[in-house]
1. Name, by its number, the condition in (1) farther than 27 Å from Q185 by Cα; (2) part of a helix (DSSP H, G or I); (3) among the small types (G, A, S) that does not hold for S26.
2. Of all residues in region 290-311 being of a type in the set (S, T, N, Q) and modelled with pLDDT under 95, which is surrounded by the fewest Cβ atoms within 10 Å (Cβ to Cβ)?
3. Can you tell me how many residues in region 9-53 are of a type in the set (V, I, T) and over 17 Å from the mean Cα position of the chain (by Cα)?
4. Hey, among the residues in region 130-155 that are of a type in the set (A, V, I, L, M, F, W, C) and surrounded by fewer than 18 Cβ atoms within 10 Å (Cβ to Cβ), which one's modelled with the lowest pLDDT?
5. Any chance you could count how many residues in region 273-295 are in contact with a strand residue (DSSP E or B) (Cβ under 8 Å, 6 or more places away or on another chain) and within 29 Å of R244 (Cα to Cα)?
6. Restricting to region 47-80, name every residue that is assigned to a helix (DSSP H, G or I), among the hydroxyl-bearing types (S, T, Y) and touching an Asp or Glu at 6+ places or on another chain (Cβ under 8 Å).
7. How many of the residues in region 249-299 are part of a loop (DSSP other than H, G, I, E, B), without any contact (Cβ under 8 Å) to a residue 12 or more places away in the chain and either closer than 20 Å to L138 by Cα or of a type in the set (S, T, Y) (or both)?
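The values are calculated or read from the model by the stated rules, or taken from the named source; none is laboratory data. Please read all numbers here as calculations on a predicted model, not as lab measurements. Backbone-built Cβ (ideal geometry, glycine too); neighbour counts: all protein chains shown.
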Amino acid sequence: MAVADERESRLPDFYVVGAGRAGTTSLNHYLAQHPQLCVPAAKSCSYFYACDLTGSPLAANRAAIPEWFIADEARYRALYASAPPEALRGDVSPVYLASTRVAPRIAAARPDARIIAIMRDPVDRVYSRYIGRRRDGLESTATFEELVDREIDTELVRDDAHATYLAGGMISHFLRTYYDAFPAQNIQIHFFEDFARDTRGVLASICRFLQVDDRFPFDVNQIYNSSGGRIRNPAVGGLWAFSRPVRQLLRPWLPKGLRDAAFRQVTAQTEKVPIRPETRARLQQLYREDIRQLQQLTGRDLTAWCQRPAQ
C-alpha cells in the first residue's frame, strides 16, 4: 500500500523545459494524447520556477506573475491527481530554460527525471516572440528594430531571462545547468526544424526516450500557438490587439476550449512579416558565440543558424 501511495503522489517523471516559441505548446497537446502519459492540458504551470522567485524579475513585481504559474506544491501535485499510477507524468514549462536555478531544483526533487528540450534558431525565436506578442496586444514597441536597439546593449547573459527578448535567446548557459544536474543519458535534445518537418518522428523518439509505446498514432494535424504572422485583415487585427485587457479579464471565466477556438478563428488568416535582412545579420552576429557553445553541448552542427538568409 505504501508503494502505491508513493506512486500516486510522486512529482512528474519528465520535464519539457523549453525553449519557448519552439513548438512546446503543440508538443504539450500531442503528448497529452498518449495513454501512457499524463500531461496537464494547461501548459506552463512552471512550478519549479514559481516556487522560489529569488533572482527573478517577478520577485519585485508580483503583480506581473502569470496567473497560470503555480507556486504551491499541493496545487502542483493536484494537477496529476487523476493520473493512473502507472502513467508517466510530465510537466511542459518553457520558463524552465530561462533560469539557471531551475535545473538544480528539479534534480533535488527528482534526480531520476528525464529532461526534454527543443532548440530553435535564436533569431527566429526572438522575432517570433515579438510578432506573436505584437499581434496579441502584449507588445507596444512599434518595430522589431526599436526593440533590438533598446535591448542590445543590456546585460544579455544573465541567470534569469524570463519575459525577455534578446536575453532569452542566450540559451546555452541555461541548457548547461541541466547537463550539470543530470546524467547525459537523462537528457534528450530536439530541434524545431526536425519537429516541424517530421513531427511524428520526433514524437516517436520522445516515446522511446520515455520508454512508452512509440507506435501510438498521434494526431498532429493541428499546430498550436503558432505566431503565424500578422492578422491579414487590419480591422480584425486592431480589434484583437485592442481587446487584450478584456480578454485578460475574462480569461478565468472562459473555458480553455472556447479561448482556443476564438484564437484559431481570429488568426485563421495571417500573413508573414519577414525580418529585415540587416536585422537578421545583426542578431546572427550577436548570437554567434552562444550558438557555438550550443553546438558543443548538443553535438549538432548549427552553422546554418549563423548563415541563414532572411525569410
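1. For S26, the failing item is (1).
2. Q307
3. 0
4. Top of the filtered list is L138.
5. The qualifying residues number 1.
6. Correct list: Y47 only.
7. 2
Matching residues to (1) small (G, A, S); (2) under 15 Å from Q265 (Cβ atoms); (3) buried (at least 17 other Cβ atoms within 10 Å of the Cβ); (4) at pLDDT 95 or above:
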{"site": "L210", "(1), (2), (3), (4)": "no, no, yes, yes"}
{"site": "G228", "(1), (2), (3), (4)": "yes, yes, yes, no"}
{"site": "N233", "(1), (2), (3), (4)": "no, yes, no, no"}
{"site": "F242", "(1), (2), (3), (4)": "no, no, no, no"}
